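> For reference, the structure I am asking about is given below.
The values are calculated or read from the model by the stated rules, or taken from the named source; none is laboratory data. The shown structure was predicted, so the numbers you read here are calculated from the model rather than taken from an experiment. Reconstructed Cβ throughout: ideal geometry from the backbone, glycine too, with neighbour counts over all protein chains shown. We work out accessible area using only protein heavy atoms, side chains counted, and drop any ligands, DNA or RNA first. Shrake-Rupley method; radii C 1.70, N 1.55, O 1.52, S 1.80 Å.
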Amino acid sequence: MSPDQTPAAGQPDGARPRVFSGIQPSGDLHLGTYLGALRQWVEAQHERDNVFCVVDLHAITVPEDVDPAGLRAKSREVAALYFAAGIDPDDNVVFVQSHVREHAELTWLLNCTTPLGWLYRMTQFKSKSEGRESVSTGLLDYPVLQASDILLYDTDLVPVGEDQVQHIELTRDIATRFNHLFGETFRLPKAVVPKSGARVMGFDDPETKMSKSIARERDRHAVHLLDPESKIKKTIMSAVTDSEREVRFEHASAGVKNLLGILNATTGETYEQLADRFDGKGYGDLKKAVLEAVLETLAPIQARYQELASDPAELDAILARGADRARERAARTLERAQRALGVGA
Ligand code: ATP
Ligand code: LTN
């Protein structure tokens, strides 16, 4: 069934598509988070009706890694980075997930209609549980909470990096099954992945997706949005390439492809233009160009972040307003789901 056949799809013609997306406050945001997610939120913000969330409940699924005092500060930092990257707080709903109880409440309802086998198949669960002696129920249930996030806002589009597409497809399956069992309740969302920067790889290991959790252990893995210039320089100039001397475009190694992909995503230059620019040049030149493009991308974000960080009361006020607006919309959808199941006051 297509999204606009559900009864929840009551959007008048010409209304802006509804968007939901989120980032976990589980570490420092990096270039991958920016190019894969944040930047596409900013670029399309005025054409869409957006809800952007700091998904702190998703950041507690590995209890060994939770630092309670630090988590609250991290949630604020991530929200400030949304605004520093260019999200307009007047035109978008921005809030912290745990401030709107409806997310946890809908998760329970969806837990009861989601087959366990669907969750065991998720590649993120497989990779995050690998090698651990024991994992929390929350780690397995993580995608059901994510489905609740999305479905609560009658979302049409979910702008994410490539690694999240499987979770958005699962969200559609969860919604379809609920609608089938208890009547049309949820609108079906679609993932939107950017044309460039959808999968930025680690600088120290270009076979692996740049990730917050890996970056916690490996200093040269990622460029973080708030890193100082000297650290960014060290990371990019020591990026893994291959043993050739000149930039190879035919059969380029994973490391070179990653650097070219970052240049393409940050400067907008096509691969043909890049081939001309680096014809006969060495990897040092390629890395310098990446460094320059990344510094140029991050400088305005870092400057705006410093301004926002100097007024935490204002940031808290914006997030409280965001939570109020989100709650109003989420409560309506939750009630619809409760009614369908025969629960709720
Ligand atoms: P963790 O490493 O802790 O699992 P993560 O970095 O994979 O975290 P989030 O920070 O919550 O996960 O991801 C936020 C958004 O950024 C998602 O839309 C995700 O797809 C996108 N994203 C994360 N890493 C990358 C990457 N390396 N390349 C492109 N997009 C990414
Ligand atoms: N699982 C996502 C974060 C996330 C999310 C969402 C993304 C939680 N809820 C809803 C889009 C929509 C991740 O990137 N690790």
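> Looking at segment 22-43, is at least one residue within 16 Å of ligand 1 (Cβ to nearest atom), farther than 23 Å from LEU152 by Cβ and in a strand (DSSP E or B)?
yes
> Shifting gears a bit: Return the residues of segment 46-83 that are within 16 Å of ligand 1 (Cβ to nearest atom), of a type in the set (A, V, I, L, M, F, W, C) and under 21 Å from TYR305 (Cα atoms); say none if nothing qualifies.
Scanning segment 46-83 gives VAL51, PHE52, CYS53, VAL54, VAL55, LEU71, VAL78, ALA79, ALA80, LEU81.
Yes or no, residue by residue, for (1) open to solvent by 60 Å² or more (accessible area, probe 1.4 Å); (2) in contact with a Phe, Trp or Tyr (Cβ under 9 Å, 6 or more places away or on another chain); (3) not acidic (Asp, Glu):
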| residue | (1), (2), (3) |
| --- | --- |
| LEU259 | no, yes, yes |
| GLU269 | no, no, no |
| ALA275 | no, yes, yes |
| GLY284 | no, no, yes |
| VAL290 | no, no, yes |
| ALA303 | no, no, yes |
| GLU307 | yes, no, no |
| LEU319 | no, yes, yes |
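> Going through segment 45-87 one residue at a time, which ones are among the charged types (D, E, K, R) and not in a strand (DSSP E or B)?
GLU47, ARG48, ASP56, GLU64, ASP65, ASP67, ARG72, LYS74, ARG76, GLU77
> Here's something else I'd like to know. State which residue is nearest to THR235 (Cα to Cα) when the search covers only segment 154-208 and only residues that are open to solvent by less than 30 Å² (accessible area, probe 1.4 Å), of a type in the set (A, V, I, L, M, F, W, C) and part of a loop (DSSP other than H, G, I, E, B).
Among those that are open to solvent by less than 30 Å² (accessible area, probe 1.4 Å), of a type in the set (A, V, I, L, M, F, W, C) and part of a loop (DSSP other than H, G, I, E, B), it is PHE203.
> Within segment 209-222, work out how many residues are within 11 Å of ligand 1 (Cβ to nearest atom) and either in a loop (DSSP other than H, G, I, E, B) or crowded, with 18+ Cβ neighbours inside 10 Å (or both).
6
> OK, next. State which residue is surrounded by the fewest Cβ atoms within 10 Å (Cβ to Cβ) when the search covers only segment 93-146 and only residues that are among the small types (Gly, Ala, Ser) and within 23 Å of PHE182 (Cβ to Cβ). Steps first, answer last, please.
Taking segment 93-146 first, the residues among the small types (Gly, Ala, Ser) are 98, 104, 117, 127, 129, 131, 134, 136, 138.
Now restrict to residues that are within 23 Å of PHE182 (Cβ to Cβ): 104, 117.
Working: ALA104: 13, GLY117: 7.
Only one residue fits best here, namely GLY117.
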